[in-house]
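Asks: Provided herewith is a single structure, encoded as structure tokens, for subsequent inquiry.
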Amino acid sequence: MVTDMEARTQPKAHATMLGSAQPGAMPPGTGEEPAPPLKAESRRLSFHYGSFKALKDVSMPVHEHRVTALIGPSGCGKSTFLRCFNRMHDLYPGNRYDGQIVLHPDNTDLLAADVDPIEVRMRVSMVFQKPNPFPKSIYENVAYGLRVRGVRNKNLLDEKVEESLRGAALWDEVENRLNEVGSNLSGGQQQRLCIARALATDPEIMLFDEPTSALDPIATASIEELISELKKKVTILIVTHNMQQAARVSDFTAYMYLGELVEFDKTDTIFFKPRRKETEDYITGRFG
Amino acid sequence: MSDHTSKQFDAEMEAIRSGVLTMGGLVERQLARAIDALGEDEDTRLIDTVAADEQTINQLQVTMDQQCAQIIARRQPTAVDLRMILTVSKIVNDLERIGDEVKKVAYKAAGIRGNEPLTRMRYFDVGRMATGAQSMLHKTLDAFARLDVGSAAEVVDDDDQIDLAFNAIMRQLISFMMEDPRTISAALETVFIAKSIERIGDHAKNIAESVVQVVKGTDVRHASAEQIRAEVASE
């Protein structure tokens with residue numbers, strides 16, 4: 001929570017202003033904040049669906065405890081790119097990765113052949129477009145990942161389920177009905193249940209693939225609010241068709257087109273003064 | 001700039017752009033009339049016209065601000081569109097303020113007839129300064145219409161000339177007042193006129209800076225003329 005006083009004394013000034021370029025002449029706090037440390041980065045990542053090259057040499061940083069939004073027209077490769085981060089493409093034959101996705105601080109290449117995709121998915125969890133709770137109770141939905149991991153201790157499970165549901169801002173609504181089937185919840189609640197399920201394994205990165213496109217505006221707002229809370233604990237990558245959503249929730253934005261990363265920058269820059277004309281045309285609605 | 005997928009959005013953006021030019025045209029006409037009022041044989045009816053123009057300009061300011069707010073509410077504009085709307089809203093303010101200053105010039109000009117040496121000075125020196133401000137205003141509106149940062153940068157330079165002229169007039173008026181205290185009241189009125197014209201120059205400069213902000217995305221409001229020229233020249 002930023003108090004008014006902090007907000008006044010430490011403005012998040014990203015606006016470029018000429019005339020204050022002299023070193024030392026700037027009042028404290030008005031300069032560019034240094035880029036936060038890297039949580040992951042893709043290095044010259046290409047991806048093939050059989051003979052179709054869906055990603056072309058994408059190199060992009062993912063900053064720790066920040067939300068990075070991937071935007072671009074349909075078919076630009078943003079979901080493909082997102083799914084590479086937890087090896088989702090391994091599930092289908094004929095897919096091929098080139099390049100690396102390096103997870104920091106241990107420098108693990110997520111795409112390396114000797115890295116277990118199950119282990120990757122513990123560290124990098126995913127929330128999908130449509131809420132997809134398992135046909136199990138609310139409790140079991142959240143406990144699932146831990147059970148798969150071999151956790152049997154009832155107290156530990158209870159603790160983790162509550163913590164995850166609280167983290168997903170769902171606990172207060174479901175604490176008395178943990179044994180009900182997950183699919184009885186409303187759409188927005190189901191999506192938060194899926195977020196709780198993804199949180200239970202203490203992931204380092206969470207991937208959101210259009211998490212609100214099936215939700216009404218109020219449920220969307222609560223998920224967006226949740227994302228801003230979650231980034232204190234995890235690093236977030238989100239694919240969204242809703243440009244205003246990208247502008248609202250993200251700290252960094254990547255614009256992709258035809259499998260290439262066209263522009264990556266702070267969200268404030270992308271939506272006010274992007275460097276590339278292609279980006280400007282897309283975000284202002286001049287595309288196509 | 002290519003068109004939006006939404007033609008209605010294009011039409012709304014074009015409406016605020018041409019609204020600025022309409023408002024600018026009115027302010028220019030009003031300023032031309034005020035300059036006439038500075039002349040020796042001015043017509044008092046001119047003052048009524050200037051006042052009427054001012055009303056229209058005020059109304060346009062309100063309408064334009066509404067249009068800008070509506071586009072923001074309905075379209076959530078970004079990048080160049082957002083910069084354009086923010087800028088239009090600022091330019092509209094500057095134009096309205098120019099309208100106020102022009103009205104002051106016209107009224108004060110009518111109020112100080114008769115004092116011989118000061119009338120001549122008013123006609124020549126103040127008149128020349130006003131013509132300078134007039135050409136700045138014209139150039140800056142032109143720069144907006146064509147989104148021409150080169151001529152916007154020239155306007156910023158021109159403002160220095162207006163400031164120099166203002167200082168020269170101040171020095172002259174001080175010597176008049178020291179020589180003959182009977183000129184003091186007319187001299188003070190002339191100070192106000194010159195100050196208003198100097199303010200018109202400042203507002204024209206603000207508009208020019210806004211044009212740079214639309215095109216370059218850089219806020220040059222508190223930058224020096226050299227810094228602005230460098231920014232305009234940069235890719």
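Asks: Looking at this structure, is B:Thr183 over 26 Å from B:Val80 (Cβ atoms) and crowded, with 23+ Cβ neighbours inside 10 Å?
Replies: Spelling it out, it is not the case that B:Thr183 is over 26 Å from B:Val80 (Cβ atoms) and crowded, with 23+ Cβ neighbours inside 10 Å.
Asks: Yes or no: segment B:150-162 includes at least one residue that is at pLDDT 90 or above, out of contact with any strand residue (DSSP E or B) (no Cβ under 7 Å at 6 or more places or on another chain) and within 18 Å of B:Phe192 (Cβ to Cβ).
Replies: Yes, that holds for at least one residue.
Asks: Could you please give the count of residues in segment A:16-42 that are within 22 Å of A:Ser125 (Cβ to Cβ) and either at pLDDT 90 or above or more than 17 Å from the chain's Cα centre (by Cα) (or both)?
Replies: Count: 6.
Asks: Please list, ordered by first then second residue, the pairs with beta carbon atoms under 6 Å, 6 or more apart or interchain, first in segment B:79-95 and facing chain A (nearest Cβ under 10 Å) and within 14 Å of B:Glu12 (Cα to Cα), second buried (at least 21 other Cβ atoms within 10 Å of the Cβ) and of a type in the set (S, T, N, Q).
Replies: B:Asp81/A:Thr284
Asks: State whether one or more residues within segment A:78-86 are out of contact with any Leu (no Cβ under 9 Å at 6 or more places or on another chain), at pLDDT below 95 and surrounded by 19 or more Cβ atoms within 10 Å (Cβ to Cβ).
Replies: No, the conditions are met nowhere in segment A:78-86.
Asks: For segment B:120-228, which helices (runs of 4 or more DSSP H) that fit wholly inside it have 3 or more residues that are within 14 Å of another protein chain (Cβ to nearest Cβ) and within 19 Å of B:Asn93 (Cβ to Cβ)?
Replies: B:184-216
Asks: Taking segment A:265-279, which residues are closer than 13 Å to A:Ile71 by Cα, at the interface with another protein chain (Cβ under 10 Å from one of its Cβ atoms) and in contact with an Asp or Glu (Cβ under 9 Å, 6 or more places away or on another chain)?
Replies: A:Ile270, A:Thr279
Asks: I'm told B:Asp53 meets every condition in (1) in contact with a Lys or Arg (Cβ under 8 Å, 6 or more places away or on another chain); (2) in contact (Cβ under 8 Å) with a residue 60 or more places away in the chain; (3) more than 30 Å from A:Ala246 (Cα to Cα) except one. Can you identify the failing condition by its number?
Replies: Of everything listed in (1) in contact with a Lys or Arg (Cβ under 8 Å, 6 or more places away or on another chain); (2) in contact (Cβ under 8 Å) with a residue 60 or more places away in the chain; (3) more than 30 Å from A:Ala246 (Cα to Cα), B:Asp53 misses just condition (2).
Asks: Kindly establish whether B:Ile112 is surrounded by 21 or more Cβ atoms within 10 Å (Cβ to Cβ) and on the phi < 0 side of the Ramachandran plot. Don't jump to the end; show me each part of the working.
Replies: Numbers: surrounded by 21 or more Cβ atoms within 10 Å (Cβ to Cβ): no; on the phi < 0 side of the Ramachandran plot: yes.
Taking the combined requirement at face value, the residue does not satisfy it.
Asks: Could you tell me how many of the residues in segment A:188-217 are part of a loop (DSSP other than H, G, I, E, B), over 14 Å from A:Ala168 (Cα atoms) and in contact with a strand residue (DSSP E or B) (Cβ under 7 Å, 6 or more places away or on another chain)? Write out each step before concluding.
Replies: Residues of segment A:188-217 part of a loop (DSSP other than H, G, I, E, B): A:200-204, A:210-216.
Remaining after also requiring over 14 Å from A:Ala168 (Cα atoms): A:204, A:210, A:212-216.
Right, trim to in contact with a strand residue (DSSP E or B) (Cβ under 7 Å, 6 or more places away or on another chain) and you get A:204, A:210.
Adding up the residues that qualify gives 2.
Asks: Right, here's the next one. Under the condition of being among the hydroxyl-bearing types (Ser, Thr, Tyr) and touching a helix residue (DSSP H, G or I) at 6+ places or on another chain (Cβ under 7 Å), which residue from segment A:211-244 is nearest to A:Tyr282 (Cα to Cα)?
Replies: Top of the filtered list is A:Thr240.
Asks: What tally of residues in segment A:238-261 results from selecting those that are away from chain B (no Cβ under 14 Å) and over 18 Å from A:Ala214 (Cα atoms)?
Replies: 9
Asks: Please go through segment A:163-193 and pick out each residue that is surrounded by fewer than 17 Cβ atoms within 10 Å (Cβ to Cβ) and either among the aromatic types (Phe, Trp, Tyr) or under 25 Å from the mean Cα position of the chain (by Cα) (or both).
Replies: A:Glu163, A:Arg166, A:Asp172, A:Glu173, A:Ser183, A:Ser186, A:Gly187 - these are the residues of segment A:163-193 that are surrounded by fewer than 17 Cβ atoms within 10 Å (Cβ to Cβ) and either among the aromatic types (Phe, Trp, Tyr) or under 25 Å from the mean Cα position of the chain (by Cα) (or both).
Asks: Also: For segment A:121-162, which residues satisfy the criterion of being under 22 Å from A:Leu110 (Cβ atoms), in a helix (DSSP H, G or I), among the β-branched types (Val, Ile, Thr) and open to solvent by less than 50 Å² (accessible area, probe 1.4 Å)?
Replies: Answer for segment A:121-162, where residues must be under 22 Å from A:Leu110 (Cβ atoms), in a helix (DSSP H, G or I), among the β-branched types (Val, Ile, Thr) and open to solvent by less than 50 Å² (accessible area, probe 1.4 Å): there is none.
Asks: Picking from B:Ile162, B:Ile207, B:Ile174, which residue would you name as being over 17 Å from B:Ile35 (Cα atoms), of a type outside the set (Ser, Thr, Tyr) and touching a Gly at 6+ places or on another chain (Cβ under 9 Å)?
Replies: B:Ile207
Asks: So, B:Val62, is that one among the aliphatic types (A, V, I, L, M), more than 16 Å from B:Ile35 (Cβ to Cβ) and touching a helix residue (DSSP H, G or I) at 6+ places or on another chain (Cβ under 8 Å) or not?
Replies: Criteria not met by B:Val62.
Asks: Which residue pairs have Cβ atoms closer than 7 Å, lie 6 or more positions apart in sequence or on different chains, and pair a first residue in segment B:1-16 that is within 20 Å of B:Ser89 (Cα to Cα) and more than 7 Å from chain A (Cβ to nearest Cβ) with a second residue that is at pLDDT 85 or above and open to solvent by 90 Å² or more (accessible area, probe 1.4 Å)?
Replies: That search, which allows pairs on different chains as well, returns B:Asp10/B:Asp3.
Asks: Moving on to the next point. Among the candidates B:Arg97, B:Arg29, single out the residue that is part of a helix (DSSP H, G or I) and within 16 Å of B:Ile197 (Cβ to Cβ). Give the steps one after another, and end with the answer.
Replies: Working: B:Arg29 fails: within 16 Å of B:Ile197 (Cβ to Cβ).
Going through B:Arg97, B:Arg29 in turn, the sole match is B:Arg97.
Asks: Scan segment A:217-250 for residues that are of a type in the set (D, E, K, R) and under 18 Å from A:Ser42 (Cα atoms) and report the count.
Replies: Qualifying residue count for the region: 0.
Asks: Follow-up question, since we're still on this one. What residue, among those in segment B:25-78 that are of a type in the set (Lys, Arg) and within 14 Å of another protein chain (Cβ to nearest Cβ), is surrounded by the most Cβ atoms within 10 Å (Cβ to Cβ)?
Replies: B:Arg75
The values are calculated or read from the model by the stated rules, or taken from the named source; none is laboratory data. Bear in mind that the values here come from a model prediction, so they are computed numbers and not experimental data. Using ideal geometry, Cβ is built from the backbone for each residue, glycine included, and neighbour counts are taken over all protein chains shown. Keep in mind that these areas ignore ligands, DNA and RNA; they rest on the heavy atoms of the full protein, side chains included. Shrake-Rupley method; radii C 1.70, N 1.55, O 1.52, S 1.80 Å.
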